[in-house]
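Comments concern the structure below.
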Amino acid sequence: MPDVEALPAKALCTQCDASDFRFETTAELEDMAEVVGLDRVAEAVRFGTEIDREGYNLFALGPPGVGKHSAIQHFIVEKAARQPAPSDWCYTNNFEDPRKPKLLRLPAGLGSRLGADVQKLVEDLRSAIPSAFDSEEYRTRKQIIEEEVAERRDEAMEGLRKEAENRGLGLLRTPVGLAFAPVRDGNVMSPERFQKLPVEERQQYEQDIQALQQQLQPILRLIPRWEKEIRDKLRQLNREVALFAVGHLIDELREAYRESPGVIEYLEAFQADVVDNFQLFLKPPESPPTAGLGIPRHPLLEGSPFFRRYIINVLIDHREDQGAPVVYEDHPTYQNLVGEIEHTVTMAASVTDFTLIKPGALHRANGGYLVLDARKVLLQPYAWEGLKRILRSGEIRIESLGQALSLISSVSLEPEPVPLKVKVVLIGDRLLYYLLSSLDPDFSELFKVAVDFEEQIDRGPENNQLYARMIATMARSQKLLPLDRGAVARILEQSARSIGDAEKLSIHKGDITDLLSESDYWARQASRDLIRAEDVQRAIDAQIRRADRVRERMQEEIERGNILIDTEGEQIGQVNGLSVISLGNFRFGRPNRITARVRLGKGEVIDIEREVELGGPIHSKGVLILSGFLGARYALDRPLSLSATLVFEQSYGGVEGDSASSAELYSLLSALAGVPIRQSLAVTGSVNQHGKVQAIGGVNEKIEGFFDICQARGLTEEQGVLIPASNVKNLMLRRDVVAAAQTGKFHVYPIETVNQGIEVLTGMVAGERDKNGRFPDSTFNALVEKRLVDLADRMSNHGKGGRKS
């Protein structure tokens, strides 16, 4: 009889004793400020956020649902709250080159204040400037200047006019200019009358007119110069008046912003532009095109569009922030990250200016932290390359994709780039992190801090109490009913079950939240004010029920005999292997018949699954290991002369993994020894070349898959499953499987070596080599070796017979 004992029922599921908890309901527990099991994460985030060096951005890696987003937010928000609010950023008009708006950096909160102050300044100027030009003093000074040219002109003309009068001529102003004409009796002589004058008199008039015209020309040449001087004086007067109207108002702002050199420089340029364009301040306001349509407009746009130039475009405003910004961009397109320059359509033409510059997530996070989903960034065209370029350059240059890719050549704005100081945190799964590390040479230079999320914690009294507090915190945050300690105990058991390890607890927050929410639903359906263990169990059963249609159909096919699985009797070269099928988040076990056939050959163990390309590389590796095991154990001094075939019967899909290698070996050894294997048992476990049985995954699902078939056909107290002994710590079986084991109707055998498995499956002693290197007679291994020796001898004789012929 085999020396392997079936596991006791208590070893099949490490249950949580609710009496160990020091509370009656989770309502008594305090919320957790920290996150369970994330010590490594906290250390990495602390390091990444505190080190002030280029390239030390963070990548949070881990499977979906472990709470990466919430944990990162928790750690970073706590850190950001202790930091000062960063600077405000504004764009102002470049009065010398409007295509290149200027950047203005201000202490937090001053951006919006400056915008309001400049708006009020312009409004005041629209009243002050017209008032200054409408003053009595201005009109008097203007009149004096205008009269000056008239006086100088009159003085210059007076002598010429008297000389003309002495010669009987008058100085006339005609449509073509000044002219001299004969005068008689105080009236200008008509052409007809002039022609009737004697020739000598006419000639004298003509000579006098010509002489006077020659004296007039120098005077006429002086008049434009006098008028220009007058215009210059008027222009100077206007500038003095405009500067007087503007100066004292701007001086007040200069004093208010004396600590901000950038604002002082802007106000200087602002003042010069207002003085140069004071005439536009004299026009009465016009009704804007959108008046009466309910469309909000900037106050400076009321009236002439000219006043847009004085708007302060407050790109980023931190007046209400108490610490560094933490920004999560859910839709990280290129424009949403970098910002954009919007356009408006006017008269069928697309136009823009500095007021239409809009910030991106990098602007909002500047001086703080930007959190991004790595997969979403990579899916957006050019977003990843744009993000890397900005992080390398240390500045945000706003430009359209067309400009960045040189696809368009139209004239657009060239805003001054914004200096960038930000910590970027990418969140993604581990595969994406390792792919980027391997394939993108820039990635390791820009994201040097890996924040690797743990998925499980050790199960023990202290962590159980912490886990209960975590459950209480999550329940309160989701506004769920409190849980009694029995419900908490059941959730802990399910948590260990979900990761397939009785010594660990899952911290997959998504799964825990779902289970809590569904348990709350069933508790409310039962009109309870607490979530109890039966509500948790009902939620678990309902989750399985919603997902197990395929499992039921497969079990039905086995029960109906369409898929051949024996659960009693004995067969040579046939064993029940166990596999796991994953469909979404639901996994279940399924028994598979594995058969082996042996004949004379050249030492080949043929994996039919591999030959037809249904077997994966790991499965093929497991089969190839069998050849090494056979040769090392049974063919030490002669060639391995068999040809064996192994196959998963009725397998119509791919097979991967090495967890069936021990089952395949048992079927192969059974075929060689001619010893039948008990079909009431199923087998899982990988094997190495030394005959050691190794741990596998999905042990709970595999056991339950075979148990369900046996239970459907009726438990005979002979059925059971062989598992690797190293998998005992992973057992968290269903209550019905544990109950069946407790009553002796189902058995789970821990196996360490192939010999142990052979003894359980066949009831024969496997046998060990004695000091002479021989297996004892009537042992299983002796039968296998005898068959292989016989095959080798037959191969040798077959070869000799071939040479003689």
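Taking the options L636, L614, name whichever one is open to solvent by 30 Å² or more (accessible area, probe 1.4 Å) and farther than 26 Å from E759 by Cβ.
Details: L636 fails: farther than 26 Å from E759 by Cβ.
The unique qualifying residue is L614.
For residues that are among the charged types (D, E, K, R), surrounded by 14 or more Cβ atoms within 10 Å (Cβ to Cβ) and part of a loop (DSSP other than H, G, I, E, B), tally how many sit in region 428-481.
The total comes to 7.
Any residue at all in region 544-553 that's surrounded by 15 or more Cβ atoms within 10 Å (Cβ to Cβ) and either at pLDDT 95 or above or among the β-branched types (V, I, T) (or both)?
Here is the first cut: in region 544-553, the ones surrounded by 15 or more Cβ atoms within 10 Å (Cβ to Cβ) are 547-548, 551.
Next, only the ones that are either at pLDDT 95 or above or among the β-branched types (V, I, T) (or both) stay: none.
No, region 544-553 contains no residue that is surrounded by 15 or more Cβ atoms within 10 Å (Cβ to Cβ) and either at pLDDT 95 or above or among the β-branched types (V, I, T) (or both).
Just one of S527, S517 is among the hydroxyl-bearing types (S, T, Y) and open to solvent by 50 Å² or more (accessible area, probe 1.4 Å); which is it?
Details: S517 fails: open to solvent by 50 Å² or more (accessible area, probe 1.4 Å).
Answer to the check: S527.
Of all residues in region 419-445, how many are without any contact (Cβ under 8 Å) to a residue 12 or more places away in the chain and of a type in the set (D, E, K, R)?
1
Just name the residue that is farthest from E329 (Cα to Cα) out of those in region 58-69 that are touching a helix residue (DSSP H, G or I) at 6+ places or on another chain (Cβ under 6 Å) and open to solvent by 10 Å² or more (accessible area, probe 1.4 Å). Walk me through how you get there before you give the answer.
We begin by selecting, within region 58-69, every residue touching a helix residue (DSSP H, G or I) at 6+ places or on another chain (Cβ under 6 Å); these are 58-62, 65, 67.
The next check asks that each one be open to solvent by 10 Å² or more (accessible area, probe 1.4 Å); those that pass are 65, 67.
Numbers: G65: 19, G67: 17 Å.
Going through the qualifying residues, I end up with G65.
Keeping to region 70-106, report how many residues are surrounded by 15 or more Cβ atoms within 10 Å (Cβ to Cβ), assigned to a loop (DSSP other than H, G, I, E, B) and out of contact with any Gly (no Cβ under 9 Å at 6 or more places or on another chain).
4
Among the residues of region 574-583, is any open to solvent by 50 Å² or more (accessible area, probe 1.4 Å) and at pLDDT below 90? So that I can check it myself, show each step before the final result.
Our first condition is that a residue be open to solvent by 50 Å² or more (accessible area, probe 1.4 Å); within region 574-583, this holds for 582-583.
Then keep just the ones that are at pLDDT below 90; that gives 582-583.
Yes, region 574-583 contains at least one residue that is open to solvent by 50 Å² or more (accessible area, probe 1.4 Å) and at pLDDT below 90.
Pick from L370, L405: which is modelled with pLDDT under 85 and either under 26 Å from S87 (Cβ atoms) or touching a Phe, Trp or Tyr at 6+ places or on another chain (Cβ under 8 Å) (or both)? Even if it seems obvious, please write down each step before you answer.
Values: L370 fails: modelled with pLDDT under 85.
Exactly one of L370, L405 is modelled with pLDDT under 85 and either under 26 Å from S87 (Cβ atoms) or touching a Phe, Trp or Tyr at 6+ places or on another chain (Cβ under 8 Å) (or both), namely L405.
Regarding region 683-706, can at least one residue be identified that is in contact (Cβ under 8 Å) with a residue 24 or more places away in the chain, open to solvent by 10 Å² or more (accessible area, probe 1.4 Å), of a type in the set (D, E) and not in a helix (DSSP H, G or I)?
No, region 683-706 contains no residue that is in contact (Cβ under 8 Å) with a residue 24 or more places away in the chain, open to solvent by 10 Å² or more (accessible area, probe 1.4 Å), of a type in the set (D, E) and not in a helix (DSSP H, G or I).
Taking region 761-781 on its own, how many of its residues are touching a Lys or Arg at 6+ places or on another chain (Cβ under 8 Å) and surrounded by 18 or more Cβ atoms within 10 Å (Cβ to Cβ)? Please lay out each step first, then the result.
At the first step, the residues of region 761-781 found to be touching a Lys or Arg at 6+ places or on another chain (Cβ under 8 Å) are 761-763, 775, 781.
From what is left, the residues that are surrounded by 18 or more Cβ atoms within 10 Å (Cβ to Cβ) are 761-762, 775, 781.
Within region 761-781, residues that are touching a Lys or Arg at 6+ places or on another chain (Cβ under 8 Å) and surrounded by 18 or more Cβ atoms within 10 Å (Cβ to Cβ) number 4.
Let's see how each residue does on (1) among the hydroxyl-bearing types (S, T, Y); (2) open to solvent by 40 Å² or more (accessible area, probe 1.4 Å); (3) part of a helix (DSSP H, G or I); (4) modelled with pLDDT of 90 or more:
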position	(1), (2), (3), (4)
E201	no, yes, yes, no
Q204	no, yes, yes, no
Q214	no, yes, yes, no
P218	no, yes, yes, no
R225	no, yes, yes, no
A245	no, no, yes, no
E265	no, yes, yes, yes
E268	no, yes, yes, yes
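Specify which of the listed residues (I230, I312) is modelled with pLDDT of 70 or more, in contact with a strand residue (DSSP E or B) (Cβ under 7 Å, 6 or more places away or on another chain) and surrounded by 15 or more Cβ atoms within 10 Å (Cβ to Cβ).
Details: I230 fails: in contact with a strand residue (DSSP E or B) (Cβ under 7 Å, 6 or more places away or on another chain).
That would be I312, the only listed residue that is modelled with pLDDT of 70 or more, in contact with a strand residue (DSSP E or B) (Cβ under 7 Å, 6 or more places away or on another chain) and surrounded by 15 or more Cβ atoms within 10 Å (Cβ to Cβ).
Out of (1) assigned to a helix (DSSP H, G or I); (2) surrounded by fewer than 16 Cβ atoms within 10 Å (Cβ to Cβ); (3) touching an Asp or Glu at 6+ places or on another chain (Cβ under 8 Å), the odd one out for V41 is which?
(2)
Working only within region 608-622, note down all residues that are more than 13 Å from G654 (Cβ to Cβ) and in contact with a helix residue (DSSP H, G or I) (Cβ under 9 Å, 6 or more places away or on another chain).
Residues satisfying the conditions are K621, G622.
Name the pairs: first residue in region 368-389 and open to solvent by 10 Å² or more (accessible area, probe 1.4 Å), second residue part of a strand (DSSP E or B) and small (G, A, S), Cβ to Cβ under 8 Å, at least 6 apart or on different chains?
Taking only residues 6 or more apart or on different chains, the pairs are D373/G428; R375/G428.
Just give me the residues in region 390-401 being open to solvent by less than 10 Å² (accessible area, probe 1.4 Å) and either of a type in the set (F, W, Y) or not in a helix (DSSP H, G or I) (or both), in sequence order.
Of all residues in region 390-401, those open to solvent by less than 10 Å² (accessible area, probe 1.4 Å) come to 390, 396, 398.
Correct list: I396, I398.
Counting only residues that are touching a Leu at 6+ places or on another chain (Cβ under 8 Å) and surrounded by 17 or more Cβ atoms within 10 Å (Cβ to Cβ), how many does region 671-682 have? Give the derivation first.
Start the filter on region 671-682 by keeping residues that are touching a Leu at 6+ places or on another chain (Cβ under 8 Å), which leaves 672-675, 677-678, 681-682.
Keeping just the survivors that are surrounded by 17 or more Cβ atoms within 10 Å (Cβ to Cβ) gives 672-673, 675, 677-678, 681-682.
Selection size over region 671-682: 7.
Scan region 718-749 residue by residue and report those that are within 18 Å of L578 (Cβ to Cβ), open to solvent by less than 50 Å² (accessible area, probe 1.4 Å) and assigned to a loop (DSSP other than H, G, I, E, B).
Q719, L731, L733, F746
Considering only region 527-535, I want to know if a residue exists there that is assigned to a helix (DSSP H, G or I) and touching a residue at least 24 places away in the same chain (Cβ under 8 Å). Let's see the steps before the verdict.
So in region 527-535, the residues assigned to a helix (DSSP H, G or I) come out as 533-535.
Add one more test, that the residue is touching a residue at least 24 places away in the same chain (Cβ under 8 Å), and what stays is 533, 535.
Yes, some residue in region 527-535 is assigned to a helix (DSSP H, G or I) and touching a residue at least 24 places away in the same chain (Cβ under 8 Å).
The values are calculated or read from the model by the stated rules, or taken from the named source; none is laboratory data. These numbers were taken from a predicted model, which means no experiment stands behind them. Neighbour counts are summed over all protein chains in view; Cβ atoms, including those assigned to glycine, are modelled from backbone coordinates with ideal geometry. The protein model used for the area step is the full one, side chains on, heavy atoms only, and it has no ligands, DNA or RNA in it. Shrake-Rupley method; radii C 1.70, N 1.55, O 1.52, S 1.80 Å.
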